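This report concerns only the one structure given below.
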Amino acid sequence: MSVIPTTGTAAFEPLAEIAESTNDSRPSQLLTKEDCLEIFNQLYLARYFDIRLIKEKKRGRLRGTLYSSHNQEAILVGALFGLKATDWISPIHRDMPAFFLKDSKFQWDDPTRSGMSIEEVCAQVWGKVDSPGRARDNWSHIGSKSKRIIHSTSMLAGTIPVAAGVVYADRMNGGDAVVLTFNGEGSTAQGIFHEAVNFAAVHKLPVVTIVENNQWAYGTPVHMGCPTPDVADRAHGYGIPGLVADGQDVFDVYDKVMAAVEHARSGKGPSIVECKTFRAYGHGDHDDDRAMKYRPSEEIEKGRTRDPIAICRESLIERGFLSGAEAEQYIAERKSASEATNDDFPPVVVEYLNRGIEFALNSPLPNAEEGAMWVFKENA
Amino acid sequence: MAAIAAEPTLVKKNYLTALREALIEEMRRNDQMICQGEDIGMLGGAFGVTEGLLDEFGSTRVIDAPIAEAAIIGTAVGMALNGKTVMAEMQFIDFISCGFDQIVNMMATYHYRTAGEVNLPVVVRGPAGGYGGGALYHSQMNEAWFCHSPGLRVVVPSTPYDAKGLLKAALRDGNPCIFFEIKELYRKNEIAEVIPDEDYIVPLGQAVIRKEGTDITFVSYGQSVYHCMSAAAELEKLGVSAEVIDIRTLVPLDEETIYKSLSKTNRVVVVNEAPMTCGFAGEIVARIANNAFNLLDAPPARVTRLDTPVPWVKPLELHVLPSVEKIVRVALQTAKY
Ligand SMILES: Cc1ncc(C[n+]2csc(CCOP(=O)(O)OP(=O)(O)O)c2C)c(N)n1
Ligand SMILES: [Mg+2]
């Protein structure tokens, strides 16, 4: 039996789901009020996580480099919201909130959900033994086989072939899982990006490659790493759809990713969804000062005017899901970590993270001897 | 005020500044030289080794490369094939694995398979080493991979003077070279030193004795040299006099300095940060066993990383990496044997 489905779209054709959709039939238009308010809260949660870690580090309670996802939250929330529990993801350094946002819809606290708990994620950030990786590797280099989160290394784009292999195996097992891989635009220059997307395209695998185009790869602007106007144009070389989403608009991300996911799930193969966004700070917090030199400050100012929280709020008001005082209750947008306070966020968000951090602070370090363990599987 | 201009500068320079000066001076000396790597131009490099290069030499000779190590190395080979000298930076030496094939199969073998027609002046350099909490992919010492690929020079400087002199020598050598910079030493004030203003090189293939001693010989390179120096100080208190050799270049290796020391001490401990199995310490021990067996009064010993990756958090990292305590312990056993 071949696991390669025989049906497929012609090269370069835009996704039928997108081409045929009118404004009213867009997937995001079918979301309920409750869904939309949940999405709004998830944006706050991702933002608060980022701001709070920066504050914790400034207070001296946290060490290590932070790669901020500030301003890129709509990509994580919008891409993950429509996934099934059986789907896989592979986040990278700038996607820390993805670990707890996965499969979190209306069930942030359910221990059986297919996403990490805030306690696990905080234990990892603080380098404690209760981290899913027992603090053996840092920051986003964690995962979970049972929760279907692929464990990355530092090597950029290195998880895309792994993701393709995972869904190849899932197909063999009769599953219908889709995998979302997250990548910076700079990482798409890696040879392994090409090798992996090519493999996925040849086998029509359900791999959706999200490109978070925040315009910068460390100190190198996008045009010096990618020669085409859109990074999504790379899709043409593989005969797969390449979509561009407004990465500041959580509903646009949701629409494009849902179209790509449905395309993938129905056996039509992979696609690339480029989400245009904007990096809020330096590459990592070690780079904040140097970034001011290589990046024009007008660019930062301009970027800040399109805050994903504000854009989501406007959509919710427009659809009548938020009104009056309710809409103006928490104004976290356009505030940097030093400007924002807990009062700018819904209490449910602050309490959730407080719990995670409390847990992490109380979790012990792993024993030194663990450094020599698990090099091989021990056979009894 | 002009009268004092002739005074030599007695400013101490750190390891990173020494490297940067080597690059700038070589770029000035050789207008056929190119530097390329991720973020080396506008940013000046992740650690700042290439700061100022873009401004002085322009974007044709200082290339901000896409994130693609295989292409960075492979294009460097092509540039060198057509007459250029190339410095290719790996943002961390750990990422060199992404360009592995271009190094070991394309670059390392070029001179050999062309019967000497082609030689490639390419130096692939990058920050290496552990003890900084960098975890699995920002801590590696993977020098053994390249020592095991004939055709490559492999260099690991441990002082600012050597960093500058060896980098210049490597760029002028005409053979491809993998140049390991110890990132924990980049800005370490304790090792800053006055280095000559005049042009100088440190020839490849010459070890140096960092401390003289009579009872036991430490052979090491990179960060381990400092651990050996501290261990030697501890041992001095216990009445054991240790000699410390810094080999500085692994390929080519200065064996003579090692055997000369052994003829005095008759005991040896080899220390490196990389894992034990097939590490360079094992190679040194093997050569001693083959070539200087008669000089030995005790089995040659090794202190290396355990055969594990480098884990992140401190207690784990220190558990697997060599330490002064571990070196002292093994040295005492060897001294008493
Ligand atoms: C193979 C490899 N080369 C280099 C690096 C160093 N590095 C880490 S992040 C980064 C920039 C990534 O840019 P991009 O893909 O756009 O992601 P962003 O950080 O902007 O989200 C670089 C060069 C790495 N981690 N892996
Ligand atoms: Mg980027």
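The values are calculated or read from the model by the stated rules, or taken from the named source; none is laboratory data. Note that the structure is predicted; figures quoted are calculated from it, not measured. Positions of Cβ are generated from backbone atoms using ideal geometry, with glycine treated the same way; all protein chains shown enter the neighbour counts. The area values use the complete protein model at the heavy-atom level, side chains included, leaving out ligands, DNA and RNA. Shrake-Rupley method; radii C 1.70, N 1.55, O 1.52, S 1.80 Å.
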Unit charges on C-beta of K, R, D, E only; dipole of chain B, Debye: 700
What does the charge dipole of the protein assembly as shown about its Cα centre add up to, to the nearest 20 debye, if the Cβ of each Lys and Arg holds +1 and the Cβ of each Asp and Glu holds -1? 1440
Just in segment A:274-365: which trypsin sites (Lys or Arg not before Pro) are loop by DSSP and have at most 13 other Cβ atoms within 10 Å? none
Show me the GluC sites (Glu not before Pro) within segment A:256-363 that DSSP assigns to loop and that have at most 15 other Cβ atoms within 10 Å of their Cβ. A:E328, A:E339
Among A:V179, A:V208, A:V162, which one shows the biggest mean-square fluctuation in a GNM of chain A, springs joining Cα atoms closer than 10 Å? A:V162
Carbon plus sulfur, as percent of the 1.4 Å-probe accessible area of the protein assembly as shown, comes to 54
With +1 on the Cβ of every Lys and Arg and -1 on the Cβ of every Asp and Glu, and nothing else charged, how large is the dipole of segment B:12-194 about its Cα centre, in debye rounded to the nearest 20? 380
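Over both sides of the A-B contact, add up the buried accessible area with a 1.4 Å probe and give it to the nearest 100 Å².
Roughly 2700 Å².
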Would you be so kind as to identify which of B:C35, B:I209, A:V166 lies farthest towards the positive end of the dipole of the protein assembly as shown, taking Lys and Arg as +1 and Asp and Glu as -1 on Cβ and the Cα centre as origin? B:I209
Could you bin all the Cα-Cα distances of segment A:13-363 into 10 Å bins starting at 0 and give me the percent of pairs in each, rounded to whole numbers? 5, 26, 37, 25, 6, 0
Sum -39500 (n - 2.57) across every DSSP H segment of at least 4 residues in chain A, then divide by the residue count to get the 222 nm mean residue ellipticity, nearest 500. -11000 deg cm²/dmol
Please give the per residue volume of the convex hull enclosing the alpha carbon atoms of segment A:154-300, rounded to a whole number of Å³. 107
Rounded to whole Hz, the Karplus (6.51, -1.76, 1.60) HN-Hα couplings of segment B:228-234, x for glycine and proline: 5, 5, 5, 5, 4, 5, 4
Quick one: compute the contact order of segment A:260-380, relative version, from alpha carbon pairs under 8 angstrom and 6+ residues apart, as a percent. 12
Label model pair B:D31, A:E358: point-to-point distance (7 angstrom along the Cα→beta-carbon line) in nm is 7.0
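Would you tally the net charge around B:M27, using a Cβ to Cβ cut-off of less than 9 Å, leaving B:M27 out, and scoring K and R as +1, D and E as -1? Walk me through the numbers before you get to the answer.
Working: positive: B:R28, B:R29, B:R61; negative: B:E25, B:E26, B:D31, B:E56.
Spelling it out: positives minus negatives among the neighbours equals -1.
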Give me the residues in segment B:291-337 whose solvent-accessible area, probe 1.4 Å, is reduced by at least 30 Å² once all protein chains are included instead of the chain isolated. B:T308, B:W312, B:V313, B:P315, B:L316, B:H319
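Calculate, for segment A:94-139, the solvent-accessible area per residue in square angstrom, rolling a 1.4 angstrom probe over the heavy atoms of the protein chains.
That works out to 29 Å² per residue.
Taking only Cα atoms of the protein assembly as shown, what ratio of Rg to Rh do you get with Rh as the Kirkwood inverse-distance radius?
Details: Rg = 27.7 Å, Rh = 27.6 Å.
Ratio value, two decimals: 1.00.
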Tell me the angle of helix B:160-173 to the major Cα principal axis of chain B, expressed in degrees between 0 and 90 and rounded to the nearest ten. 60
Segment B:12-194: projected area of the alpha-carbon convex hull, averaged over directions, in nm²: 9.6
Tell me, Kirkwood radius of segment B:92-235 from alpha-carbon pair distances, in Å? 16.6
Report the far tail of the P(r) of chain B, meaning the percent of Cα-Cα pairs longer than 29 Å. 38
B:R153's amide H: which non-local residues (gap 5+, or another chain) put their own amide H closer than 5 Å, with H modeled 1.01 Å from N in plane and none for Pro or chain starts? B:C177, B:I178
Suppose we compare each residue of segment A:363-380 in its chain alone and in the full protein complex with a 1.4 Å probe; which ones drop by at least 10 Å² of accessible area? A:L365, A:P366, A:A368, A:E369, A:G371, A:A372, A:V375
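Excluding ligands, DNA and RNA, what is the solvent-accessible area per residue of chain B at a probe of 1.4 Å, expressed in Å²?
39
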